[in-house]
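Chemist: Below are the structure tokens for one structure; questions will follow.
The values are calculated or read from the model by the stated rules, or taken from the named source; none is laboratory data. For clarity, every value in this text was computed on a predicted model and none was experimentally measured. Here the Cβ positions follow ideal geometry from the backbone for every residue, glycine too, while neighbour counts run over all protein chains shown. Calculation scope for accessible area: heavy atoms of the full protein, side chains included, ligands and nucleic acids excluded. Shrake-Rupley method; radii C 1.70, N 1.55, O 1.52, S 1.80 Å.
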Amino acid sequence: MAPCIVFDVYKAPGSNITPQEFSRHVAQVHRVWGDQCNFDIRWRFQDSQGRPRLQDIGGPIVTHGLIPDGLIPPEALPFAPPELFEGPPNVLVCGDYNALPDNVLNPGSDPSYIKQWLNYRPGIPFDPNIPQSRFGQTRPLDIAVYYVQGPLLGDGSLGCGGYYTPSGPAIVIANNLPTINVPNVGEFTFPRTDLILAHEFGHVLLQGLPEAGHVDDVNNIMFRGLLTANSFRVTPDQCNEARKSQYFQEC
Ligand SMILES: [Zn+2]
């Protein structure tokens, strides 16, 4: 028995995550926290080859409607898809789980819609004929990840790590905006970094630090701004702090 981290990863309706992009996020988690800190990181939902996979889940469906001001440059705004700005029934704010807003903008819906979904982490029932199901029961020490449509309300960041629910910690990763083509000007792209899951995981590990571990070094995974391809480093101090996390479990 050795300490390990276990992820339960879900794909909600409307998420644009593909298996290919998800496998890149997984690779970066191992590169950053596995290789540099020597953490044993495991993925509860696997395909028949033992590769991490996304488990479909029914929600939350977070609708478009509130793109933060300034995220789309003014010259591109007239060419942005109108569905990005449709009314906002489900509001997801990166912050305290218990302070998540009720779903008041969607009359008749369950007021705790978002909270319920982030508190829900279904596993796979045990079936002796399905080897992967042996490991399929989720636990409160698992780190649940929900890829959702989005957006998250706030400054335009795509990830939130994390919400601390009664069922355990939850990371949310929203869709990036689509590419906007502006005639005679060019394309505006809004990429989602492959480092996003490694960064949000870092927040869960470092939740006891100020700003849940943000730093000023652009080459560090916990950089507070836009991550670059080189923002993958962790320091020995960060590894030592992360190693104290309550979310290590016996494997
Ligand atoms: Zn951050």
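Chemist: Report, by residue number, each residue of the range 94-111 that is surrounded by fewer than 14 Cβ atoms within 10 Å (Cβ to Cβ) and at pLDDT 75 or above. Give the derivation first.
Modeler: From the range 94-111, those surrounded by fewer than 14 Cβ atoms within 10 Å (Cβ to Cβ) are 96, 98-99, 104, 107-111; that's our starting set.
Result: ASP96, ASN98, ALA99, ASP110, PRO111.
Chemist: Kindly establish whether GLY59 is over 30 Å from THR235 (Cβ atoms), in contact with a strand residue (DSSP E or B) (Cβ under 9 Å, 6 or more places away or on another chain) and surrounded by fewer than 20 Cβ atoms within 10 Å (Cβ to Cβ).
Modeler: Taking the combined requirement at face value, the residue satisfies it.
Okay, residues lined up against (1) outside any strand (DSSP E or B); (2) surrounded by fewer than 20 Cβ atoms within 10 Å (Cβ to Cβ); (3) not polar (S, T, N, Q):
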site	(1), (2), (3)
SER15	yes, no, no
GLN20	yes, yes, no
SER23	yes, yes, no
GLN28	yes, no, no
GLN36	yes, yes, no
PHE39	yes, no, yes
ARG42	no, yes, yes
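Chemist: Could you say which residue among GLU241, GLU211, GLU200 is closer than 23 Å to ASP96 by Cβ, assigned to a helix (DSSP H, G or I), open to solvent by 20 Å² or more (accessible area, probe 1.4 Å) and touching a Gly at 6+ places or on another chain (Cβ under 9 Å)? Outline the logic, then answer.
Modeler: Details: GLU211 fails: touching a Gly at 6+ places or on another chain (Cβ under 9 Å); GLU200 fails: open to solvent by 20 Å² or more (accessible area, probe 1.4 Å).
One residue alone meets the criteria, GLU241.
Chemist: Would you tally the residues in the range 128-145 being part of a loop (DSSP other than H, G, I, E, B) and open to solvent by 10 Å² or more (accessible area, probe 1.4 Å)?
Modeler: Going through the range 128-145 one residue at a time, the tally reaches 8.
Chemist: Taking the range 166-181 on its own, how many of its residues are in contact with a strand residue (DSSP E or B) (Cβ under 9 Å, 6 or more places away or on another chain), in contact (Cβ under 8 Å) with a residue 24 or more places away in the chain and surrounded by fewer than 23 Cβ atoms within 10 Å (Cβ to Cβ)?
Modeler: So the count comes out to 5.
Chemist: Search the range 182-207 for residues that are more than 25 Å from ALA144 (Cβ to Cβ) and pair each with any residue that is more than 12 Å from the ligand (Cβ to nearest atom) and among the aliphatic types (A, V, I, L, M) when their beta-carbon atoms are under 6 Å apart and the residues are at least 6 apart or on different chains.
Modeler: Taking only residues 6 or more apart or on different chains, the pairs are VAL182/ALA76; PHE188/ALA76; PHE188/ILE180; PHE190/LEU177.
Chemist: Among the numbered criteria (1) within 13 Å of the ligand (Cβ to nearest atom); (2) in contact with an Asp or Glu (Cβ under 6 Å, 6 or more places away or on another chain), which single criterion is violated by ASP142?
Modeler: For ASP142, the exception is condition (1).
Chemist: Exactly one condition in (1) part of a loop (DSSP other than H, G, I, E, B); (2) within 16 Å of the ligand (Cβ to nearest atom); (3) of a type in the set (Phe, Trp, Tyr) is not met by PHE190; state its number.
Modeler: (2)
Chemist: Let me ask something else. For the range 146-169, which positions are away from the ligand (no atom under 15 Å from the Cβ) and not in a loop (DSSP other than H, G, I, E, B)?
Modeler: Keep residues of the range 146-169 that are away from the ligand (no atom under 15 Å from the Cβ), which gives 146-151, 153, 164-168.
Across the range 146-169, the qualifying residues are TYR146, TYR147, VAL148, LEU153, TYR164, THR165, GLY168.
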